[in-house]
1. Quick one: which of Leu240, Leu281 is not basic (Lys, Arg) and not assigned by the TED database to the domain that holds Glu144?
2. In the list Ile374, Ile291, Ile327, which residue meets the criterion of being closer than 22 Å to Trp264 by Cβ, of a type in the set (A, V, I, L, M) and modelled with pLDDT of 85 or more?
3. Suppose we keep only residues that are in contact with a helix residue (DSSP H, G or I) (Cβ under 8 Å, 6 or more places away or on another chain) and among the aliphatic types (A, V, I, L, M) within region 346-372. Which one would you say is surrounded by the fewest Cβ atoms within 10 Å (Cβ to Cβ)?
4. Please go through region 21-68 and pick out each residue that is aromatic (Phe, Trp, Tyr) and in a helix (DSSP H, G or I).
5. Quick check on my filter: what residues within region 66-98 are of a type outside the set (A, V, I, L, M, F, W, C) and more than 18 Å from the chain's Cα centre (by Cα)?
6. If I filter region 208-224 for residues that are over 17 Å from Thr50 (Cβ atoms), surrounded by 22 or more Cβ atoms within 10 Å (Cβ to Cβ) and touching a strand residue (DSSP E or B) at 6+ places or on another chain (Cβ under 8 Å), do I get at least one hit?
7. Quick check on Leu277: is it among the aliphatic types (A, V, I, L, M), assigned to a helix (DSSP H, G or I) and over 17 Å from Ser299 (Cβ atoms)?
8. Just the residues that are more than 18 Å from Ala147 (Cβ to Cβ), surrounded by 23 or more Cβ atoms within 10 Å (Cβ to Cβ) and either of a type in the set (S, T, N, Q) or in contact with a Gly (Cβ under 7 Å, 6 or more places away or on another chain) (or both), please, taken from region 177-205.
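The values are calculated or read from the model by the stated rules, or taken from the named source; none is laboratory data. Computed from a predicted structure; not experimentally measured. Please note: Cβ atoms are built from the backbone with ideal geometry, for glycine as well, and neighbour counts cover all protein chains shown.
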Amino acid sequence: MTESAGMEVSYLEARDDWARDPSAYRRALRQFIATEPGLDRWRGGDYPTTEDRMRDNAALSKLLSEGGWNRYGWPVSAGGLGGDERHRAVMYDELSAAGLAVPEQNKLLETLGPAVLRFAPDLAVQFMPSYLAGEEWWGQGFSEPEAGSDLAGLRCRARRAGETYVLSGQKIWTSHGATARRLICLVRTGTLESRHRGLSMIMVDTDTPGVTIRPIALASGHNELAEVFFDDAVVPASRLLGQEGEGWAVAMYLLQFERAMYAWLSATVASRRLRELRAALIGRRLPDGAIRRFGECYSDIATLKARSADTVRRLAAGRTVGPEASIDKILLATVETGLHDLARDVLPGEFLFGDDPAAQQWRAEWWYSRASTIMGGSAEVQRGIIADRVLGLPKERGA
């Protein structure tokens, strides 16, 4: 037994049968969730600030890690207990089904972790155990003021100097940038004319001299994102993911996880939030059309989960997920906007004027959902990818 946050936590040794069989792991995890009273503090998940949520979610990661539960699905070399993507999908599903929070940090762990494992295994061995234990998390530094969807136009510069790189430039809309210990940044090591061929991916500690982070307060008042400035920040060359000039390949690799595992995780959370919304409305008079919209939202979530489940199975089988992952991305945006628009319309008083944590959380999520059709590649770009690379449609005249 080990002590964590005043609670005793049973440490589960690696079980080969659980690592081999996600269904056996699901049964064991479900039993743990049903019998562990210390989990009750993570039901609801309404937080006044981003910093409060990240701090409290980190404590949940610590509890799950000490019990071994969030380590299934990750390789032993990186602090895991074996298994594959299906185990991680099971954990998100079971946590959400029980009304528990899914650690916010896992959204970028699912996006960045696989790329670090593949392209920088030494960094994975060094840092991923701490990530799984809730002791640190990472931010994603891709977008710049003059380069959003067009990543090939990035200008943030990394100049080689012996066994280091000297970074200069700026990132914006950096996910988790205000609270992360490290950033995974796409930087330019070649000329601007080299476009995507001159990009590299590098891990940067946020306490590195020359790194300045300015939280971006969103319309909700939450610091979900950040601006990051590099003023001749010196980073070891050993922090590269892959080789110099391989950044575009790394970015394309991680995007399949952003549009697959991230989508599955988000779908499980959306399922929980829809159930919570339904519970809040019991006994109330609903506006016209609300029942139909509940059904549409439920159907959209089920569609996203079915689509994402297929993508998860493909990843678990070691298959590459290609441009069809853009379908998952579009479905996720539909779910995010539909769910939060529904909450806005069926909770008009609380949504607009409520000052309790639940109302504040719905408002904050609604504001953030506005970006779901833009961040990570706009819906227009995703539809273009599907038309061109999945359906093989001819180019429009004049395009």
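1. Numbers: Leu240 fails: not assigned by the TED database to the domain that holds Glu144.
On inspection, the qualifying residue turns out to be Leu281.
2. Working: Ile374 fails: modelled with pLDDT of 85 or more; Ile291 fails: closer than 22 Å to Trp264 by Cβ.
When all the criteria are applied, what remains is Ile327.
3. Applying the filter and picking the extreme gives Ala358.
4. The answer is Tyr25, Phe32, Trp42.
5. Glu66, Gly67, Gly68, Pro75, Ser77, Gly79, Gly80, Gly82, Gly83
6. So far as region 208-224 goes, no, none of its residues is over 17 Å from Thr50 (Cβ atoms), surrounded by 22 or more Cβ atoms within 10 Å (Cβ to Cβ) and touching a strand residue (DSSP E or B) at 6+ places or on another chain (Cβ under 8 Å).
7. So Leu277 does not fit the description; no.
8. If the condition is that a residue be more than 18 Å from Ala147 (Cβ to Cβ), surrounded by 23 or more Cβ atoms within 10 Å (Cβ to Cβ) and either of a type in the set (S, T, N, Q) or in contact with a Gly (Cβ under 7 Å, 6 or more places away or on another chain) (or both), then Ala180 is the only one that fits.
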